[in-house]
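Encoded as structure tokens, the structure appears first; notes follow it.
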Amino acid sequence: MDMERSQLSGGSLQISTEVLVKIARLAALEVSGIARVEADPKPLPKANLQRPVTVVMKDGIAEITIRLYVKYECAVRTACAKVQENIKNTIQNMTGITVSKVNVVVVGLEEEAETKE
């Protein structure tokens with residue numbers, strides 16, 4: 001578990017990358033048209049198993065990749081742009097960590113009948 005460290009006037013602050021993962025996931029789900037955040041269900045070799053949200057920290061700057069399903073009736077491009085914006089703004093506002101980019105991978109469409117279950 002990686003930690004992002006920053007100095008405060010009275011000490012220091014450490015934020016786990018797992019916290020950034022959780023913030024990104026919740027921020028994505030706030031966007032209309034996003035059904036769920038989940039990796040591709042195709043069986044992959046265990047070494048290549050992908051997580052739904054990954055955060056890579058380089059020099060105190062975060063790069064986020066999120067894999068999600070969108071609802072069938074939504075405009076995919078518009079929803080994904082809103083996901084990028086919402087994740088970036090939410091993480092920067094809540095933590096003060098700069099987000100360089102948010103990569104969105106649409107792994108599937110979810111039909112209306114699937115979302116009601």
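Brief remarks follow.
- Taking 0.36 nm per residue of separation and subtracting the Cα-Cα distance, full extension of the segment from N93 to R51 would add 12.7 nm.
- As a proxy for reagent exposure, ranking D59, D40 by other Cβ atoms within 10 Å from fewest up yields D59, D40.
- Projected label points at E111 and L29, each 7 Å from Cα along the beta carbon direction, are separated by 2.5 nanometres.
- Distance between the 7 Å Cα→Cβ label points at L13 and S100: 2.2 nm.
Bear in mind that the values in this text are calculations on the coordinates, not laboratory data. It should be emphasised that the depicted structure is a prediction, and the values quoted were computed from it without experimental measurement. Reconstructed Cβ throughout: ideal geometry from the backbone, glycine too, with neighbour counts over all protein chains shown.
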